[in-house]
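The structure appears below as C-alpha cells.
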Amino acid sequence: MKEILAKLLNHEELSREEMKNILVGITHSEFPNEQITALLTALQMRGVTVEELLGFRDGILETGVPVPLDCDRYIDVVGTGGDRKNTFNISTTSCFVIAGAGYKVAKHGNYAATSTSGASNVIAQHGVKFTDNLDQLNRCMDEAGIVYLHAQLFAKAMKFVGPIRKALPFPTIFNLLGPLVNPSQPSCQLLGVANLDQMRLYHAVYQRLGIDYGIVNSIDGYDEISLTGDFKVTTNTYEKIFSPADLGFQPAKPEELVAGATEQEAKEIFDAVLENRALPAQKNIVLANAAFGIQVLEKGQKGIDECISIARESIDSGSALRTFKKFVELNS
C-alpha cells in the first residue's frame, strides 16, 4: 500500500489489476484504516479513472456473492444518488412498470443515504424480506419478472469500508461503484447521474463492459429524468438532449417529485403511481424513466414515443400493480 500511495502522490494512475488487488486486500484486513483513508482521499482529489473504477468493481464482484439468474436479458434501473433532491422512488417504481410491460428486471439497491427513502426502504415498507437464496430469486424472476437484490447481502467488501466512508466528509470512489456492482451483472442498464462529468465516466465504463446502456441526467442536477427541464440521454447508439415537450409531457415542478419527510409518505407515492392515482407529474416522470429503460432493452429499435406507450399501458392496464403484488407475495 505504501508503494501505491507513493504512485498516487506522484500523480500516477493505477491499473485495473492493482485496484482489484487493493480491494481484495481490504476484505482480508491487510491495510490499516489510515492507509485506506489516504488512498480514498488521494483518488478523490485527483479524480478516478475508468481503469481504477473497473478494478474496484472487479474486486467487489470477486469477493461478493454472485447471482447467476436463469434469464438472458434483463435490466437494472438505478441512480448514482447524492443529488440531494430527495425525490420519491422513481427508479424503483419504473422497474415495476418495466416488469409489468413484460420485460425482465433485476433491481439492485440499498437503504437511503441522502434521501428519505431508498429502494430497500420502500420495498421493506411492504413487508418484503430480502434474500440471497438463488432458487427463490430465480423463481421470483420466472413468476413475477423482477427480482430485488439488496446490496448489503451481496457486496461483502462494503462493510470493511463503512466506518471510513462515514467518517469522511466527501464522497469517495465507493459512491461511484453502486450502479456497477449488481451481483447478477445485467446486460442492460439505465443509469441516472447527477452531472455530465459522471455521464462521461460511466459512458466510458459501459463501453468497456460491452453492455447495452442508457445514461440520463437532468440538466438542473437530478440523477434521473425529472421533467423539470431539459435532460440529456447517452446510449450505445445516440446522444441527445430532450425537453419534456419532446415526450409529450408538461414540465414538472420540483415539489411534485419530493418523497416527503417520512418513509411512509414515500411509500404512499410509490403505491399511488402503481395504482394509477398519482399526480400527473409523478406518473409522467415514472413513464419517462421506464420508457428509456424499455428502449435500452429493445436495443434502441423502438422510438421513445412507442416505449412511452408501452410503459403507459403497463400502468393503465393494472399490469404494473399486479406485477408488484406478485413480487410481494413471493418475497413476504
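The values are calculated or read from the model by the stated rules, or taken from the named source; none is laboratory data. Please read these numbers as outputs of a predicted model, since none were measured by experiment. Methodologically, a virtual Cβ is constructed for each residue, glycine included, from the backbone with ideal geometry; neighbour enumeration extends over all protein chains shown. Note: areas computed on protein heavy atoms with side chains; ligands, DNA, RNA excluded. Shrake-Rupley method; radii C 1.70, N 1.55, O 1.52, S 1.80 Å.
Per-structure values
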read-out	value
Pairwise label distance in nanometres, F170 with Q35, each label 7 Å out on the Cα-Cβ vector	2.3
Among S184, S226, S317: highest mean-square fluctuation, GNM of the chain, C-alpha pairs under 10 Å	S317
Highest-fluctuation residue, D230, D135, D58 considered, GNM on the chain with Cα pairs under 10 Å	D135
Sites N138 and V65 - FRET efficiency at Förster radius 22 Å, r taken between beta-carbons, to 0.05	0.95
Enclosed volume per residue, in Å³, of the convex hull spanned by Cα atoms of the stretch 255-325	91
Among beta bridges that DSSP assigns inside the chain, antiparallel share in %, nearest 5	40
Exposure rank, largest accessible area first [M45, M19; 1.4 Å]	M45, M19
Segment L209-R73, extension gain: residue separation times 0.36 nm, minus the distance between their alpha carbons	47.4 nm
Percent carbon-and-sulfur accessible area, the stretch 71-198, ignoring ligands, DNA and RNA, probe 1.4 Å	47
Prolate/oblate/rounded call for the stretch 134-265, Cα gyration tensor, a/c under 1.5 rounded	rounded
Surface accessible to a 1.4 Å probe, per residue, for the residues of the chain, Å²	42
For a label point 7 Å along the Cα-to-beta-carbon line of K302, residues of the stretch 213-229 with backbone N under 18 Å	213-215
Kirkwood Rh, Cα atoms: Rg over Rh of the stretch 153-195	1.01
Charge dipole (debye, nearest 20) of the chain; +1 at Cβ of Lys and Arg, -1 at Cβ of Asp and Glu	280
Near-label residues of the stretch 159-178 by backbone N, under 17 Å of a point 7 Å along Cα→Cβ of Q152	159-167, 178
Of T87, C307, G210, farthest towards positive along the dipole that unit charges on Lys, Arg, Asp, Glu beta carbons give the chain	T87
The chain - percent relative contact order, Cα under 8 Å, separation 6 or more	22
For V78, net neighbour charge (Lys/Arg +1, Asp/Glu -1) across residues whose Cβ lies under 10 Å away	-2
Percent carbon-and-sulfur accessible area, the stretch 272-332, ignoring ligands, DNA and RNA, probe 1.4 Å	46
Extension reserve of the S332-Q264 stretch, reckoned as 0.36 nm per residue once the Cα distance is removed	22.6 nm
Whole-Å semi-axes of the chain's equivalent ellipsoid (Cα gyration tensor)	32, 22, 19
Nitroxide proxy distance, nm - points 7 Å out along Cα→Cβ at N276 and A6	6.7
